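Peer 1: I'd like to ask some things about the structure below.
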Amino acid sequence: MTEGTVREWRADGIHGVVHEPAGAPVATAVLAHGAGSNCDAAILVAVATELADRGVLTARIDLPFRQARPKGPPNRAGAAADRAGIAAAVRALDARGPVIVGGHSYGGRQASMLLAEDPDIADALLALSYPLHPPTKPDTLRTEHFPGIAAPTVIVHGSRDPFATGDELREHTTRIGGAVTIVTIEAAGHDLAPARKPTARLTADAVMTALLAND
């Protein structure tokens with residue numbers, strides 16, 4: 001199989017890495033990182049590589065808060081700017097086919113909120129380790145925007161993730177308007193263990209089946 005290319009991507013206010021498939025793209029994905037990481041997070045690299053192997057043009061991006069400083073968590077006041085950064089990347093990328101937005105933890109959450117705010121920004125959502133609630137605080141739910149998500153959604157979840165149990169995800173994602181597919185990575189935590197588990201393969205399988213099968 002002919003391999004695609006991986007290149008650094010810089011544009012106005014955008015920094016990331018683009019994985020281009022060998023042939024014509026069947027879809028386009030923009031993935032953002034978690035609160036403590038950047039676009040080189042192992043889970044993003046693994047998933048982007050696997051998606052590109054399946055024909056999906058995939059960009060993993062640094063959110064604006066990470067571009068502003070190399071370390072440290074995001075500021076709640078900057079969340080809207082981070083969502084705007086995802087939207088800017090979608091618009092700046094030469095998108096082909098259906099568009100998927102998503103990412104890991106905080107990045108996936110912001111992508112989900114963006115899709116609820118602007119349903120036209122993308123055709124599907126891919127949330128890796130969606131942080132349904134803070135650890136040990138199951139009543140502090142991050143689900144207010146779920147009814148506004150009309151697009152098909154894939155959530156990839158580690159069975160040992162303290163940010164949500166499988167039962168909690170199945171209960172609360174019923175509020176999402178689009179069809180939801182939950183992929184469980186057994187014995188994986190919040191990082192989804194991409195080096196030890198078939199996380200990237202199972203994620204790409206779900207994307208191709210649940211998000212792109214009808215396109």
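Peer 1: Arg170 versus (1) outside any helix (DSSP H, G or I); (2) open to solvent by 10 Å² or more (accessible area, probe 1.4 Å); (3) farther than 23 Å from Arg96 by Cα: which is the lone unmet condition?
Peer 2: (1)
Peer 1: If I filter the stretch 35-68 down to residues being polar (S, T, N, Q) and in contact with a helix residue (DSSP H, G or I) (Cβ under 6 Å, 6 or more places away or on another chain), which single residue comes out as least open to solvent (accessible area, probe 1.4 Å)?
Peer 2: Just the residues of the stretch 35-68 that are polar (S, T, N, Q), to begin with: 37-38, 49, 58, 67.
Subsequent filtering for residues that are in contact with a helix residue (DSSP H, G or I) (Cβ under 6 Å, 6 or more places away or on another chain) retains 38, 58.
On the way: Asn38: 56, Thr58: 0 Å².
Only one residue tops the list, namely Thr58.
Peer 1: Ser105 versus (1) farther than 24 Å from Pro131 by Cβ; (2) touching a residue at least 40 places away in the same chain (Cβ under 8 Å); (3) polar (S, T, N, Q): which is the lone unmet condition?
Peer 2: Checking Ser105 against (1) farther than 24 Å from Pro131 by Cβ; (2) touching a residue at least 40 places away in the same chain (Cβ under 8 Å); (3) polar (S, T, N, Q), the one that fails is (1).
Peer 1: Inside the stretch 173-195, can you point out the residues that are more than 15 Å from the chain's Cα centre (by Cα) and open to solvent by 30 Å² or more (accessible area, probe 1.4 Å)?
Peer 2: Let us first name the residues in the stretch 173-195 that are more than 15 Å from the chain's Cα centre (by Cα), namely 173-179, 184-189, 193, 195.
The answer is Thr174, Arg175, Gly177, Ala179, Thr184, Glu186, Ala187, Ala195.
Peer 1: Which one of the conditions (1) modelled with pLDDT under 95; (2) buried (at least 22 other Cβ atoms within 10 Å of the Cβ) does Ala77 fail to meet, given that it meets all the rest?
Peer 2: (2)
Peer 1: Considering only residues that are polar (S, T, N, Q) and either assigned to a loop (DSSP other than H, G, I, E, B) or touching a Cys at 6+ places or on another chain (Cβ under 6 Å) (or both), look in the stretch 132-167 and name the one that is surrounded by the fewest Cβ atoms within 10 Å (Cβ to Cβ).
Peer 2: That would be Thr136.
Peer 1: Out of the residues in the stretch 196-215 meeting the condition of being open to solvent by 70 Å² or more (accessible area, probe 1.4 Å) and either assigned to a loop (DSSP other than H, G, I, E, B) or of a type outside the set (Lys, Arg) (or both), tell me which one is modelled with the lowest pLDDT.
Peer 2: If we filter the stretch 196-215 for residues that are open to solvent by 70 Å² or more (accessible area, probe 1.4 Å), which is where we start, we get 196, 201, 209, 214-215.
If we keep only those that are either assigned to a loop (DSSP other than H, G, I, E, B) or of a type outside the set (Lys, Arg) (or both) too, we end up with 196, 209, 214-215.
On the way: Arg196: 97, Thr209: 94, Asn214: 58, Asp215: 52.
Residue satisfying both the conditions and the ranking: Asp215.
The values are calculated or read from the model by the stated rules, or taken from the named source; none is laboratory data. In this text, all values refer to a predicted model and were calculated from it rather than measured experimentally. No Cβ is skipped: glycine too gets one built from the backbone with ideal geometry, and neighbour counts run over all protein chains shown. Ligands, DNA and RNA are stripped out before the accessible areas are found, and what is left, the full protein with its side chains, is counted by its heavy atoms. Shrake-Rupley method; radii C 1.70, N 1.55, O 1.52, S 1.80 Å.
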